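J.: Could you have a look at this structure, given as structure tokens, before my questions?
The values are calculated or read from the model by the stated rules, or taken from the named source; none is laboratory data. All values derive from a computational prediction rather than experimental measurement. FYI the Cβ positions are ideal-geometry reconstructions off the backbone, even for glycines, and counts take in every protein chain you see.
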Amino acid sequence: MQLEEVIDIIENKLQYPLPGRKGQIVMAPQPLNEARFAQQDLKNARKGAVLILLYPGENGCMVPFIKRPEYDGTHSGQVSFPGGKWEESDQNLQETALRETEEEIGVDRAQIQLLGKLSQLFIPPSNFLVTPYIGFMRSVPVFKPDPREVARVITCDFSVLVDHNIRKEKDFVLARGAKIKAPYFDIDQETIWGATAMMLGELMTIWEQK
């Protein structure tokens, strides 16, 4: 599945209303935390943005993920899209997504073109309201991960993401000791679950819409 084909399909499908909760809930942990979909004012939530980056690979369109280093915090060791919190110097959230991507994995933001964005998702444990953006670059990036932010860059062929065989489910033990059951994407021996899986779930729902 080549880059231009993926770009054309996603760009076309982003013209229609986003599935939102319907797409996100497919990969949501159970029992479902309704706070993720709350309609009340989230003005006290911290704002953030991530980038789903498409780029050409040897065999097709690729997408990078990052694995966070181990630390004493909520998202220690988890796999996510590059991104982070909005800074006052950012004109908007799309600038946040591009700036954080450049800072975390060393990709020149000037080389990235944005296709659009997915639905916002509230992450209760860290009080973040995150906007996922989708962008692409036509050259192959040379990743230069910031070791303070990134333990590993994981690259995945887009054709793997659309394969339902990589969608699995297992129990997770949270930091406070509670146990939940959650679906996840099994990619390159890494477990992608939680908010990142829910964002990816919406993207895959959009991709599969007729």
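J.: Which of the residues that make up the stretch 132-153 are in a strand (DSSP E or B) and buried (at least 17 other Cβ atoms within 10 Å of the Cβ)? Please lay out each step first, then the result.
T.: Of the residues in the stretch 132-153, the ones in a strand (DSSP E or B) are 132-136, 152-153.
Within the stretch 132-153, Pro132, Tyr133, Ile134, Gly135, Phe136, Val153 qualify.
J.: If you don't mind, another one. Picking from Leu200, Leu129, which residue would you name as being hydrophobic (A, V, I, L, M, F, W, C), out of contact with any helix residue (DSSP H, G or I) (no Cβ under 6 Å at 6 or more places or on another chain) and buried (at least 20 other Cβ atoms within 10 Å of the Cβ)? Give the derivation first.
T.: Working: Leu129 fails: buried (at least 20 other Cβ atoms within 10 Å of the Cβ).
So the residue among Leu200, Leu129 that is hydrophobic (A, V, I, L, M, F, W, C), out of contact with any helix residue (DSSP H, G or I) (no Cβ under 6 Å at 6 or more places or on another chain) and buried (at least 20 other Cβ atoms within 10 Å of the Cβ) is Leu200.
J.: Just to be sure I understand, how many residues within the stretch 1-45 are of a type in the set (Ser, Thr, Tyr) and free of Cβ contacts under 8 Å to residues at least 40 places away in the same chain? Give the derivation first.
T.: Start the filter on the stretch 1-45 by keeping residues that are of a type in the set (Ser, Thr, Tyr), which leaves 16.
Within this subset, residues satisfying the condition of being free of Cβ contacts under 8 Å to residues at least 40 places away in the same chain are none.
Result for the stretch 1-45: 0.
J.: Now for a different question. Can you find, within the stretch 1-54, the residue that is surrounded by the most Cβ atoms within 10 Å (Cβ to Cβ) among those that are in a strand (DSSP E or B) and touching a Lys or Arg at 6+ places or on another chain (Cβ under 8 Å)?
T.: Gly48
J.: Output the residue which, of all residues in the stretch 169-185 that are assigned to a strand (DSSP E or B) and farther than 15 Å from Met198 by Cβ, is modelled with the lowest pLDDT.
T.: Only one residue fits best here, namely Val173.
J.: Identify, by number, the condition in (1) assigned to a helix (DSSP H, G or I); (2) surrounded by 22 or more Cβ atoms within 10 Å (Cβ to Cβ) that Glu102 doesn't meet.
T.: Checking Glu102 against (1) assigned to a helix (DSSP H, G or I); (2) surrounded by 22 or more Cβ atoms within 10 Å (Cβ to Cβ), the one that fails is (2).
J.: Name the residue that is farthest from Thr155 (Cα to Cα), counting only residues in the stretch 107-136 that are aromatic (Phe, Trp, Tyr) and at pLDDT 95 or above.
T.: Kept after step one, since they are aromatic (Phe, Trp, Tyr), are these residues of the stretch 107-136: 122, 128, 133, 136.
Checking which are at pLDDT 95 or above leaves us with 133, 136.
Details: Tyr133: 18, Phe136: 14 Å.
Only one residue fits best here, namely Tyr133.
J.: Considering each of Leu93, Leu42, Leu98 in turn, give the residue that is more than 18 Å from the chain's Cα centre (by Cα) and under 19 Å from Gln120 (Cβ atoms).
T.: Details: Leu93 fails: more than 18 Å from the chain's Cα centre (by Cα); Leu98 fails: more than 18 Å from the chain's Cα centre (by Cα).
Testing whether each residue is more than 18 Å from the chain's Cα centre (by Cα) and under 19 Å from Gln120 (Cβ atoms) leaves just Leu42.
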